[in-house]
Structures are given as structure tokens and as C-alpha cells.
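Visitor: Just passing along the structure, written as C-alpha cells.
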Amino acid sequence: MSGESPGVTGVVLAGGNSRRFDAGDKALATLDGETFLERVLGTLRASTAQPPIVAVQTEAQREQLRRTLPPSWDVRFVLDDSSLAGPLAGLLSACEAAPTPWIFAVGCDMPLLDPRAVRELWTRVANHAERAPEAVVPVSRRGRREPLHAVYRRSAVISHRNSVSDESSFNAFLADFDHVDYAELNELPQLIRLSTTNINTVAELERVAERQRE
């Protein structure tokens, strides 16, 4: 599949506290002269047909991030669900706001997000002839799931809202889904392994920046 993925809204989950990132808000960290948020949103704008959504924790964060983006970019901001904490709070709010049946959710700390990876995961949805899954989630060779680089059926996320608590993890949330396609990275193109790279510390950013210069 080439071009934009139809029926999918890109969602950036940016409401975290960046506790391990000494330089401040990870969304505003830079790689190759662009903030993480610019890089991720640029990829989503290139690979999905709808204006992307950014989920943030506070109105102050929303205004701070909005000021860093090009004025011409059509980006919608939503506030995390105030009754929850963590990335699930952003996922729920974004699903309630998205206009499409599907979303592609990604963390703001994945600046190597690749548009081909977005389309590859969407292709797995489209290729289920009989019954599409409620989510497509990459899984590493070591069994680590990547729920912040995944496709979700919007209605499924909303329908499981009552099972979510302040203590819920993404894995516990997904356990309530009826049908999740856990896509092993060794079955997917190499580009998805790179695309799922998340950066939690300044040291990790320096290593990624060094590899980018090689």
C-alpha cells in the first residue's frame, strides 16, 4: 500500500512527565534540527489522511507545544482524560475526538517513526478478510509489546473504557480486547524495528543522534 492510509487518524501521546529525560519535555527534544513532536507529526501527516491529534496533560503544555509547530499545520490538541493517568488517558481522549474508525497511536518519544511502518501495520488490518482485529501491536523478538506504535479500532478502545482504572497498564487494557494481532517484528520489515525506537534519556538520544550521523 502506498500513499496515505485511509480511515486512520494519527495520534501522538505527549502527556507524559518525561521523568527520566533530564533536558525537560521529551516532545521538545531535538534530533537533526527538529523537535521529536515535529518529526512524529510530520510522519503522521505524510502517512494518514486526517489531521493528527496530540494528547497532552495540561492546557499549558498544549500552548507550549502548539507554539513550536508550523502555523500551517492542521493539528488538533486534546487533553488527557482527567480520571486516568499515563498514556491510556491520552488514548481514550483521542479516540473520543477522532473522526475515523481507526487510529494509529504513537508516543512523542519515537522520533524515528517511519511512514512505511504506519502503512505496513495498517495493511495488516486491511488484509484480515473475515474479521479485522481490534488492534495491531508490534512485538519484539524478546516478546516486548509496542502498544505506543500500534493501530487501534476506535470503537473498541471506547467500548473498553469502563475496564480502565488509574492503575491499568496498556497490556492489561489489551487483555480485555477480543482480537489483537500481535505482529512479531521478525515477520515485519526491518524498518519497523527502527521506527519503534523510543528515547527515554538524554544518553539514549545521544546514541541515536550518533547513529544518524554515521
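Visitor: What are the residues in the stretch 124-167 that are assigned to a loop (DSSP other than H, G, I, E, B) and either polar (S, T, N, Q) or surrounded by 12 or more Cβ atoms within 10 Å (Cβ to Cβ) (or both), if any?
Guide: Of everything in the stretch 124-167, those that are assigned to a loop (DSSP other than H, G, I, E, B) and either polar (S, T, N, Q) or surrounded by 12 or more Cβ atoms within 10 Å (Cβ to Cβ) (or both) turn out to be N127, H128, A132, P133, E134, S140, E146, P147, L148, H160, V164, S165.
Visitor: Another question about this same structure. Open to solvent by less than 30 Å² (accessible area, probe 1.4 Å) and at pLDDT below 95: does that describe D109?
Guide: It is true that D109 is open to solvent by less than 30 Å² (accessible area, probe 1.4 Å) and at pLDDT below 95.
Visitor: Modelled with pLDDT of 95 or more, of a type outside the set (A, V, I, L, M, F, W, C), open to solvent by 10 Å² or more (accessible area, probe 1.4 Å) and assigned to a helix (DSSP H, G or I), is that true of R45?
Guide: So R45 does not fit the description; no.
Visitor: Hey, another quick one. Checking the condition surrounded by 22 or more Cβ atoms within 10 Å (Cβ to Cβ), of a type outside the set (K, R) and at negative phi, which residue from P101, P52 passes?
Guide: Being surrounded by 22 or more Cβ atoms within 10 Å (Cβ to Cβ), of a type outside the set (K, R) and at negative phi holds for just one of P101, P52, which is P52.
Visitor: Further question: For residues in the stretch 56-95 being touching an Asp or Glu at 6+ places or on another chain (Cβ under 7 Å) and within 21 Å of E134 (Cα to Cα), which is surrounded by the most Cβ atoms within 10 Å (Cβ to Cβ)?
Guide: G90
Visitor: Only one of these conditions is not met by G16: (1) modelled with pLDDT of 90 or more; (2) open to solvent by 40 Å² or more (accessible area, probe 1.4 Å); (3) in contact with an Asp or Glu (Cβ under 9 Å, 6 or more places away or on another chain); (4) not hydrophobic (A, V, I, L, M, F, W, C). Which number is it?
Guide: Among (1) modelled with pLDDT of 90 or more; (2) open to solvent by 40 Å² or more (accessible area, probe 1.4 Å); (3) in contact with an Asp or Glu (Cβ under 9 Å, 6 or more places away or on another chain); (4) not hydrophobic (A, V, I, L, M, F, W, C), G16 violates only (1).
Visitor: Which of the residues belonging to the stretch 168-180 are open to solvent by less than 70 Å² (accessible area, probe 1.4 Å) and touching a strand residue (DSSP E or B) at 6+ places or on another chain (Cβ under 7 Å)?
Guide: Answer for the stretch 168-180, where residues must be open to solvent by less than 70 Å² (accessible area, probe 1.4 Å) and touching a strand residue (DSSP E or B) at 6+ places or on another chain (Cβ under 7 Å): L174, F177, V180.
The values are calculated or read from the model by the stated rules, or taken from the named source; none is laboratory data. Computed from a prediction, not measured in an experiment: that's the story for all the values here. Quick reminder, even Gly has a Cβ in these numbers, built from the backbone with ideal geometry, and neighbours come from all protein chains shown. For the accessible areas, the whole protein counts, side chains as well, though only heavy atoms, and no ligand, DNA or RNA atoms are used. Shrake-Rupley method; radii C 1.70, N 1.55, O 1.52, S 1.80 Å.
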